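The values are calculated or read from the model by the stated rules, or taken from the named source; none is laboratory data. Note that the structure is predicted; figures quoted are calculated from it, not measured. Heads up, the Cβs are rebuilt from the backbone with ideal geometry, glycines too, and the neighbour counts pull from every protein chain shown.
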Amino acid sequence: MDAHHLVTTTPNRRIPEFRPGDTVKVGVRIREGTRERVQTFQGVVIRKTGGKSPAAAFTVRSIFR
């Protein structure tokens, strides 16, 4: 069974297209007790899986400068 047939999704237009080798800046939501904050880091995309499906994922190698 395919997830596209079960759930109707609309593309998130705020996320630009990117490919492996591109440098991206990612914000990660971190919860500490009752507080929540966003920590950003920059890195190179080394893998992208899932295409445009709801289960799509990507791997970023972090760059520290």
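Answer with yes or no whether Ile46 is surrounded by 11 or more Cβ atoms within 10 Å (Cβ to Cβ), over 12 Å from the mean Cα position of the chain (by Cα) and either of a type in the set (Phe, Trp, Tyr) or part of a strand (DSSP E or B) (or both).
yes
Do we find a residue being modelled with pLDDT under 75, in contact with a helix residue (DSSP H, G or I) (Cβ under 8 Å, 6 or more places away or on another chain) and assigned to a loop (DSSP other than H, G, I, E, B) anywhere in region 13-20?
There is no residue in region 13-20 that is modelled with pLDDT under 75, in contact with a helix residue (DSSP H, G or I) (Cβ under 8 Å, 6 or more places away or on another chain) and assigned to a loop (DSSP other than H, G, I, E, B).
So which residues in region 22-43 are touching an Asp or Glu at 6+ places or on another chain (Cβ under 9 Å) and either surrounded by 10 or more Cβ atoms within 10 Å (Cβ to Cβ) or among the hydrophobic types (A, V, I, L, M, F, W, C) (or both), if there are any at all?
Ile30, the sole residue that qualifies.
Being modelled with pLDDT of 90 or more and either β-branched (Val, Ile, Thr) or part of a loop (DSSP other than H, G, I, E, B) (or both) is the filter here; which residues of region 21-39 pass it?
Across region 21-39, the qualifying residues are Gly21, Asp22, Thr23, Val24, Ile30, Gly33, Thr34, Val38.
So Phe64 ticks every box in (1) loosely packed, with under 11 Cβ neighbours inside 10 Å; (2) modelled with pLDDT of 80 or more but one. Which box is left unticked?
Against the list (1) loosely packed, with under 11 Cβ neighbours inside 10 Å; (2) modelled with pLDDT of 80 or more, Phe64 comes up short only on (2).
Of everything in region 20-39, what is within 12 Å of Val60 (Cβ to Cβ) and over 12 Å from the mean Cα position of the chain (by Cα)? Give them in sequence order.
Pro20, Gly21, Asp22, Thr23
For region 17-47, how many residues are touching a strand residue (DSSP E or B) at 6+ places or on another chain (Cβ under 6 Å) and hydroxyl-bearing (Ser, Thr, Tyr)?
Within region 17-47, residues that are touching a strand residue (DSSP E or B) at 6+ places or on another chain (Cβ under 6 Å) and hydroxyl-bearing (Ser, Thr, Tyr) number 2.
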